[in-house]
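As structure tokens, the structure follows; a few thoughts come after it.
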Amino acid sequence: MRKTLLFVFSILGTVAFSQEHFSGINTSRRTGLLNARNNPAELANIKKKYEVNVFNFSANIANNKMSFSDLIDNNDNFEEMLFSGSEPLNMRVDVEILGPAFAFKVNKWTFGIATAAKVKASLVDINTTLGNALTNGGIDNINEVYDVLASENQRATGTSWGEIGFSVARELYDNEKHHFNGGVTLKLLFPGTYANMGASEFRGTVQNNLGTVTLTDASAQVNLAYSGSLAGDFSESENFTEFFAGGLNGFATDLGINYQLKSVNPNRYLLNAGVAVRNIGSMTFKNDNNVTSYYKLEIPEGQFLGLNQFEDAKSIEDVENILENETGFFEKSEESKDFKVKLPTIFSAYADLNVYNNWYATGYIQQRTSDDNNNDQVVVQNIISITPRYSTDYFEVYTPLADNEISGFTAGLGFRVGGFFMGSSSALSVALGDPNQADFYFGFRTLL
């Protein structure tokens, strides 16, 4: 169970880290395809007739238990630290790769096509006592009894998928002072692989007797779902990289509007603001090894389920085999082959204010509209940030300051030279302190 519950860490050896994707650069006054992923209406603000995106990469990890130094030091007490304290464990790992993309203007219209690959893995509201019992083969004391009550759905979940997006934006109104745009993006979704373990309405007593850990007087609703390569061993990072394996099996939409208060300088604005609703849609996983099952757990007082047997489970299939062998405690209530997974629909708003000359300040908010505890939901976190920046046509430097739902406050640093950019939403926090988050992103795009 150790590898299964902590599968989110299996990709950490192959990716860098960050938090809000492309924080700071995605609201840059150097408008382009990257801004359009934040708000499709921004596509109408590109300065020249054509824009080409070559390659952009961003990845992230955030948690509420371990600091950056703990994550990179390979600490022997890693799992004990992860399940320390009484607050439920939350962790988000998120990778976004933006491939070739192209946009062009025709009068008041702008059209774009973009490609992307995404990986998301999360631990949601994991009870620390239960997590210790399942992963460490024991809990804090040699002989102890722990009552566990967790009303929220505890989840270990991960997925990967590919996207091809078609965008259109149009200038809606324009005069000497004001400028309005509207835009929409239609995304074709290609589900790759998926896995979810969820336990809701959990109640029970965990007992530790000289390292033999058992569960008694317990009940819960359990969901197990998997598709594609994540049905197998989670310790193989390449299992997360089958981005387009499932073919075209989903659609999503982004909608946005944008407003600019113009400056007397045609190369600047006094204010650039927008609102957008993104990722309205879902994808259906269809694979030969697809399974989604619901179990009802009932363990009477005085009868015991041994938790040590979950320690060596390497996949959800292993966990399911253990559950089905415990025929007296688990009753399968529902099973289906294909299943649908909802994208994380979010509302976002931003305003970039020209403070003085080449100095700007951007406020940004990201709020999900879905519940991360739902078994069929891809996870995302809420973010509020302020980004002061110095920006010219060719050069830009900025410092994102953010309050993140999982990892708390972070301070970052980024720069742009021409079409190349590099940044981090927590670089200054790492340099000056020891945050619960670390990050890195980079990319290159060009105007023609």
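Summary of computed values
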| quantity | calculated |
| --- | --- |
| Links that overshoot a 26 Å alpha carbon limit, given the list Lys65/Lys187; Lys296/Lys337; Lys49/Lys187 | Lys65/Lys187 |
| Rounded percent of accessible protein surface that carbon and sulfur make up, the stretch 338-448, 1.4 Å probe | 66 percent |
| Choice from Lys120, Lys49, Lys65 showing the highest fluctuation, given a GNM over the chain with Cα pairs closer than 10 Å | Lys49 |
| Residue (of Asn196, Val95, Gln366) at the positive-pole extreme of the chain, dipole from beta-carbon charges | Gln366 |
| Approximate spin-label separation Ile280-Gln303, in nm, with each point projected 7 Å along Cα-to-Cβ | 4.9 nm |
| For the chain, built as a Gaussian network whose Cα springs stay under 10 Å, the top-fluctuating residue of Asn223, Asn45, Asn175 | Asn175 |
| Accessible area per residue in Å² at 1.4 Å probe, computed on the chain | 40 Å² |
| Computed magnitude of the charge dipole of the chain (debye, nearest 20; Cβ of K, R +1, Cβ of D, E -1) | 3040 debye |
| Computed [θ] at 222 nm, helices only, for the chain once each DSSP H run of length n ≥ 4 contributes -39500 (n - 2.57) | -2500 deg cm²/dmol |
| Cα gyration tensor, the chain - rounded (a/c under 1.5), prolate or oblate | prolate |
| Residue among Val124, Ser407, Thr392 farthest towards the positive dipole end of the chain, charges placed on Cβ | Thr392 |
| Accessible heavy-atom area order of Asp70, Asp147, Asp352, highest first, probe of 1.4 Å | Asp147, Asp70, Asp352 |
| Using alpha-carbon coordinates, inclination of helix 316-325 to the longest axis of the chain, degrees | 30 degrees |
| Separation of alpha-carbon centers, the stretch 317-378 and the stretch 181-203, rounded to whole Å | 6 Å |
| Loop-located trypsin sites (Lys or Arg not before Pro) in the stretch 167-208, at most 15 other Cβ atoms within 10 Å (DSSP) | Lys177 |
| Percent accessible area from carbon and sulfur atoms, the stretch 76-232, protein chains only, probe 1.4 Å | 55 percent |
| For the stretch 358-413: rounded, prolate or oblate by the Cα gyration tensor [a/c cutoff 1.5] | prolate |
| Contact order relative to length of the chain, as percent, for alpha carbon pairs under 8 angstrom and 6 or more apart | 19 percent |
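The values are calculated or read from the model by the stated rules, or taken from the named source; none is laboratory data. Quantities reported herein were computed from a predicted structural model and do not represent experimental measurements. Positions of Cβ are backbone-derived with ideal geometry, glycine not excepted, and every protein chain shown enters the neighbour counts. The accessibility values were calculated without ligands, DNA or RNA, using every heavy atom of the protein model including side chains. Shrake-Rupley method; radii C 1.70, N 1.55, O 1.52, S 1.80 Å.
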